[in-house]
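Can you keep this structure in mind? I'll have questions shortly.
The values are calculated or read from the model by the stated rules, or taken from the named source; none is laboratory data. All figures in this text were calculated on a predicted structure; none of them were measured in a lab. Methodologically, a virtual Cβ is constructed for each residue, glycine included, from the backbone with ideal geometry; neighbour enumeration extends over all protein chains shown. The accessibility values were calculated without ligands, DNA or RNA, using every heavy atom of the protein model including side chains. Shrake-Rupley method; radii C 1.70, N 1.55, O 1.52, S 1.80 Å.
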Amino acid sequence: MAPYWTTGTCTLLAALSLLCCCSFDWCEASRTSGSTSRAQRQDQGTSSLERVKRGWVWNQFFVVEEYTGTEPLYVGKIHTDSDEGEGNIKYTISGEGAGSIFIIDELTGDIHATERLDREEKAFYTLRAQARDRLSNDPLEPESEFVIKVQDINDSEPRFLEGPYIGSVAELSPIGTSVMKVTASDADDPTYGSSAKVVYSVLDGEKYFSVDRNTGIIMTAVADLDRETQDRYELVVKATDMGGQMGGLSGSTTVTIVITDVNDNPPRFLQKMYQFSVSEGAAVGTPVGRVTAMDADMGENTDMSYLIKDGGDLFKVTAHVETQEAIVSIKKPLDFESKHTHNVVLEAINKHVDPRFFDLGTFRDQTIVRVSVSDIDEPPIFQPAEGAIMEVQEDAKVGALVGVVTARDPDVTNKPVRFSIDPTTDQEMIFRIDPNSGAITLGKILDRETAGWHNITVKAVEADNHTMASHSAVSIRILDVNDNPPELATPYEASICEDAKPGQLIHTISVVDRDEPQSGHRFYFTLAPEASSNRHFTLWDVKDNTAGIRTQRSGFNRHEQNVYFLPILVVDSGPPSLSSTGTLTIHVCGCDTDGAIQSCNATAYVMSAALSPGALIALLVCMLILIVLVLLILTLKRHRKGQRMAEDEEDMRDNVIKYNDEGGGEQDTQAYDMSALRNLYDFPEAKSCDSGPDIRSLPQWIQANRVGGGAEGAAAAAAAADFTLFKGYIRKKVEQADADLSVPPYDSFQTYAFEGTSSPALSLSSIHTLSTTSEQDFSYLSDWGPRFRQLAGYYAPGNLEEEGS
């Protein structure tokens, strides 16, 4: 079996077909045999590298893309060895594009392409060929697969898929500095010819930038790119296929290159001198003016700091965070009279300096800020400004000069100044001041012991403008004069024993002096002249401003004289020397063998016998406990009395008493409470002072019988049937219950059980008994036995009396 080729419709196609046949005959035959071997591997088990003899075979077919002819393009021919040209075999194809793109002549096996193909859309088509018997349509050979490849031609230009491009490079970068890389893609077959081989070039901007021909890397072409001159460049980069040869296709893109900033420019002041004016009365920290230094750079490269190179004693400078302005402000108070104009040398320095550009010069600039101070009307100024301290003797006379305060008008006009004392600082008007000279004199007598210092405020104003005022503190110290004699520190008292020995130290005394001499105190002690004949005690000057008292003899007797008064004369050192006399009281006391004082005559002078603080506290605690116990006992008694009163009041209320069984008779005291029956008719509130003995514990009819007897008793019983007494009692109880808010109200009612008419005992109801029409006879109660004898006596008193008689 050998391939069968037919010439194409034109010379170019014929040449291509011949080239394909020569180039791909072996490889496609191998591929075909490999494909065939895959189909027959299960039956024969041969190696994939072994060529298999088949009944029919063909080579891979090729078809040129972008065919523009009017007739179908011949692709190739399939043929089988069994085809002897008699027309008995029919050829068919199936697969990709079969019947639409590719058609086959059933008789000859010629394959044609009916449509224009584009390799960039689809590079190859896979189809299957089949040889069948024309009459029976039975396959003569197994179906085999073949490929039709679309032959590439240079019909696609390079394209920059990621464009347009934006890159950046720092200014002043050296030649050859890489900026960025651009890439163009060609859709043609890179394995066939040079249709997809792309080279790059710069169409516009080649003066400043270049591009690598093969890689597309854009580089700087000059070293003096200056952002301040031009901060961006627009380049046009072209990509050409066919390796840049004639006939190659090309595409272009735009590349924007941004020049980034470096710190290559120093700050520059717009002027060499700035002038500002400020009032001399402006406060410290007041801004004088703003100065701006410009920097052609951008971003942090424009950050700068300012400093004062000259004239920084009275002014300071700070940089505004946002505007980078230099703010010149006052550091110390200004004085027009001292200096009218100040020249401040201000310097601006870049914060971030790039060492690569040191050769460009210093990154700093200077300017002069001239500040003119304007004059204002200022208040007087005291000298010294911090205030004055004066001294005066406390014995100075009224009108004596204390001192002089000085103030002047700082203005050029030097207006006269008037002085006064702030009255709030000298309310007693101790001092006076001359309004013209400022001389301070005394207005009252001083006393250092009352006040050693006086602090006043002096006010100075301009004579013709009192709004221009200033104040100064003046402290006046009162110098001490020895005008107070020394005195004993306390009214001293001493005690001695009757058996005191001669020369025994009794007491040590000290003195106080309200004066404060500069050289310190020195006191002298002696006995007063009236005690010069004293033979009992002596005075010993210790020389440390204290003195001791000693006994001069022994054998003191308190019964003869129990108190001695010793006058002592104390003199200070002056000048002038002043003295005073104090009296020491000495008590003669009885002592024990150890010298402890026991008693001093009738006086309770013995301090050792006094109660200690602990004993006093214990005594107070005991008294407090006794008081608490008494209060507790009184409270308990009152509580018990209240309980008894409550019980009495409770007994006075009406009671509801209910008994459900008849009980065991009068001897049975366990079945119910007899006290309730005994107190049932006890109404103590109904008693009167004239009613005689209380007999209301019995029913009214019994009382009437016992009092009157006979017909008079019956009349009394009829009168007793009147319930007005009960109604009055009940009304009184209701009123008491309504008025008493401390106890709940009580409703009282009596409950009686009626046994019925069939009971032989009949009814014992007291309601019927109290009725005036009741004719019930209770004489049968006496037949019930001794247990009902008392009850029979209540209801049949006449019988009981007869029995008694």
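Every residue in the stretch 142-152 that is closer than 24 Å to residue 82 by Cα, in contact (Cβ under 8 Å) with a residue 60 or more places away in the chain and open to solvent by 40 Å² or more (accessible area, probe 1.4 Å), please.
Scanning the stretch 142-152 gives 142, 145.
Then there's this: Suppose the filter is modelled with pLDDT under 95, in contact with a helix residue (DSSP H, G or I) (Cβ under 9 Å, 6 or more places away or on another chain), of a type in the set (A, V, I, L, M) and in a loop (DSSP other than H, G, I, E, B); does residue 296 pass it?
So residue 296 fits the description; yes.
Being open to solvent by less than 40 Å² (accessible area, probe 1.4 Å) and free of Cβ contacts under 8 Å to residues at least 40 places away in the same chain is the filter here, so list the residues in the stretch 312-335 that pass it.
Correct list: 312, 317, 324, 326.
If I filter the stretch 568-582 for residues that are among the β-branched types (Val, Ile, Thr), open to solvent by less than 60 Å² (accessible area, probe 1.4 Å) and over 18 Å from residue 510 (Cα atoms), do I get at least one hit?
Checking the stretch 568-582: not a single residue is among the β-branched types (Val, Ile, Thr), open to solvent by less than 60 Å² (accessible area, probe 1.4 Å) and over 18 Å from residue 510 (Cα atoms).
Going residue by residue through the stretch 295-302, is there one that turns out to be farther than 30 Å from residue 152 by Cβ, among the acidic types (Asp, Glu) and surrounded by fewer than 16 Cβ atoms within 10 Å (Cβ to Cβ)? Before you say what the answer is, go through the steps one by one.
The first filter runs over the stretch 295-302 and keeps only residues farther than 30 Å from residue 152 by Cβ, leaving 295-302.
Imposing the further condition that a residue be among the acidic types (Asp, Glu) reduces the set to 295, 297, 300.
Pick out the ones that are also surrounded by fewer than 16 Cβ atoms within 10 Å (Cβ to Cβ) and you get 300.
Scanning the stretch 295-302, I find at least one residue that is farther than 30 Å from residue 152 by Cβ, among the acidic types (Asp, Glu) and surrounded by fewer than 16 Cβ atoms within 10 Å (Cβ to Cβ), so the answer is yes.
Test residue 511 against the stated conditions and say whether it is of a type in the set (A, V, I, L, M, F, W, C) and part of a strand (DSSP E or B).
Details: of a type in the set (A, V, I, L, M, F, W, C): yes; part of a strand (DSSP E or B): yes.
So residue 511 passes the test.
Answer yes or no as to whether residue 332 is in contact with a Leu (Cβ under 6 Å, 6 or more places away or on another chain), closer than 30 Å to residue 273 by Cβ and in a loop (DSSP other than H, G, I, E, B).
Spelling it out, residue 332 is indeed in contact with a Leu (Cβ under 6 Å, 6 or more places away or on another chain), closer than 30 Å to residue 273 by Cβ and in a loop (DSSP other than H, G, I, E, B).
May I ask you to list the residues in the stretch 314-335 that are at pLDDT below 90 and within 20 Å of residue 280 (Cβ to Cβ)?
335
With respect to residue 379, is the statement that it is without any contact (Cβ under 8 Å) to a residue 40 or more places away in the chain, closer than 22 Å to residue 469 by Cα and either touching a Cys at 6+ places or on another chain (Cβ under 6 Å) or open to solvent by less than 90 Å² (accessible area, probe 1.4 Å) (or both) true?
No: the conditions fail for residue 379.
Does any residue of the stretch 228-249 turn out to be of a type outside the set (D, E, K, R), outside the structural domain of residue 353 (by the TED database) and in contact with a helix residue (DSSP H, G or I) (Cβ under 8 Å, 6 or more places away or on another chain)? Give the steps one after another, and end with the answer.
So in the stretch 228-249, the residues of a type outside the set (D, E, K, R) come out as 229-230, 233, 235-237, 239-240, 242-249.
This time we only want the ones that are outside the structural domain of residue 353 (by the TED database), so: 229-230, 233, 235-237, 239-240, 242-249.
After this cut, where a residue has to be in contact with a helix residue (DSSP H, G or I) (Cβ under 8 Å, 6 or more places away or on another chain) as well, the list is 248-249.
Within the stretch 228-249, one or more residues are of a type outside the set (D, E, K, R), outside the structural domain of residue 353 (by the TED database) and in contact with a helix residue (DSSP H, G or I) (Cβ under 8 Å, 6 or more places away or on another chain).
Can you report the number of residues in the stretch 401-432 which are open to solvent by less than 30 Å² (accessible area, probe 1.4 Å) and in a loop (DSSP other than H, G, I, E, B)?
6
Kindly state which strands (runs of 3 or more DSSP E) lie completely within the stretch 117-172 and contain at least 3 residues that are touching a Pro at 6+ places or on another chain (Cβ under 9 Å).
124-133
Could you check the stretch 90-116 and list, in sequence order, the residues that are hydrophobic (A, V, I, L, M, F, W, C), outside any strand (DSSP E or B) and within 15 Å of residue 147 (Cα to Cα)?
Selection gives 101 alone.
What are the residue pairs meeting all of these: first residue in the stretch 285-306, first residue not assigned by the TED database to the domain that holds residue 346, second residue of a type outside the set (A, V, I, L, M, F, W, C), Cβ atoms under 6 Å, and 6 or more apart or on different chains?
Close Cβ pairs satisfying both conditions: none exist.
Of these, 533, 510, which one is at pLDDT 85 or above and closer than 30 Å to residue 591 by Cα?
Sole residue among the options that is at pLDDT 85 or above and closer than 30 Å to residue 591 by Cα: 510.
How about the stretch 463-490: which of its residues are open to solvent by 50 Å² or more (accessible area, probe 1.4 Å) and touching a Phe, Trp or Tyr at 6+ places or on another chain (Cβ under 7 Å)?
The answer is 477, and nothing else.
Given the options 451, 385, name the one that is modelled with pLDDT under 95 and either under 51 Å from the mean Cα position of the chain (by Cα) or not in a loop (DSSP other than H, G, I, E, B) (or both).
Every option except 385 fails the conditions.
Examine the stretch 630-651 for a residue that is modelled with pLDDT under 70, more than 60 Å from the chain's Cα centre (by Cα) and part of a loop (DSSP other than H, G, I, E, B), and state whether such a residue exists.
Within the stretch 630-651 (the criterion being modelled with pLDDT under 70, more than 60 Å from the chain's Cα centre (by Cα) and part of a loop (DSSP other than H, G, I, E, B)), the answer is no, since none of the residues qualifies.
Of 341, 302, 323, 318, which residue is of a type in the set (Ser, Thr, Tyr) and closer than 30 Å to residue 223 by Cβ? Don't jump to the end; show me each part of the working.
Working: 341 fails: closer than 30 Å to residue 223 by Cβ; 323 fails: closer than 30 Å to residue 223 by Cβ; 318 fails: closer than 30 Å to residue 223 by Cβ.
Every option except 302 fails the conditions.
Next question. Looking at residue 392 and the list (1) open to solvent by less than 60 Å² (accessible area, probe 1.4 Å); (2) outside any loop (DSSP other than H, G, I, E, B); (3) closer than 30 Å to residue 270 by Cβ, which single condition is not satisfied?
It is condition (3) that residue 392 fails.
Please work out which residue is farthest from residue 523 (Cα to Cα), limiting yourself to the stretch 471-487 and to residues that are out of contact with any Leu (no Cβ under 9 Å at 6 or more places or on another chain) and among the acidic types (Asp, Glu).
480
Any idea which of (1) out of contact with any Pro (no Cβ under 8 Å at 6 or more places or on another chain); (2) under 26 Å from residue 122 (Cβ atoms); (3) surrounded by fewer than 19 Cβ atoms within 10 Å (Cβ to Cβ); (4) of a type in the set (Ser, Thr, Tyr) is the one residue 178 doesn't satisfy?
(2)
Taking only the stretch 191-205 into account, find how many residues are open to solvent by 30 Å² or more (accessible area, probe 1.4 Å) and in a loop (DSSP other than H, G, I, E, B).
The number of residues fulfilling the criteria is 5.
So, one more: Looking at 137, 154, can you tell me which residue is over 25 Å from residue 262 (Cβ atoms), in contact with a Leu (Cβ under 9 Å, 6 or more places away or on another chain) and either among the hydroxyl-bearing types (Ser, Thr, Tyr) or at pLDDT below 90 (or both)?
Of 137, 154, the one residue that is over 25 Å from residue 262 (Cβ atoms), in contact with a Leu (Cβ under 9 Å, 6 or more places away or on another chain) and either among the hydroxyl-bearing types (Ser, Thr, Tyr) or at pLDDT below 90 (or both) is 154.
If you scan the stretch 217-265, which residues turn out to be surrounded by 19 or more Cβ atoms within 10 Å (Cβ to Cβ), more than 60 Å from the chain's Cα centre (by Cα) and part of a loop (DSSP other than H, G, I, E, B)?
Once the filter is applied, which keeps residues that are surrounded by 19 or more Cβ atoms within 10 Å (Cβ to Cβ), more than 60 Å from the chain's Cα centre (by Cα) and part of a loop (DSSP other than H, G, I, E, B), the stretch 217-265 yields 241, 248.
Before we move on, is residue 493 loosely packed, with under 15 Cβ neighbours inside 10 Å and either free of Cβ contacts under 8 Å to residues at least 12 places away in the same chain or in the same structural domain as residue 576 (by the TED database) (or both)?
In short, yes.
Let me ask something else. Anything in the stretch 575-614 that is at pLDDT below 80 and among the hydrophobic types (A, V, I, L, M, F, W, C)? List them, or say none.
Answer for the stretch 575-614, where residues must be at pLDDT below 80 and among the hydrophobic types (A, V, I, L, M, F, W, C): 602, 604, 606, 607, 609, 610, 611.
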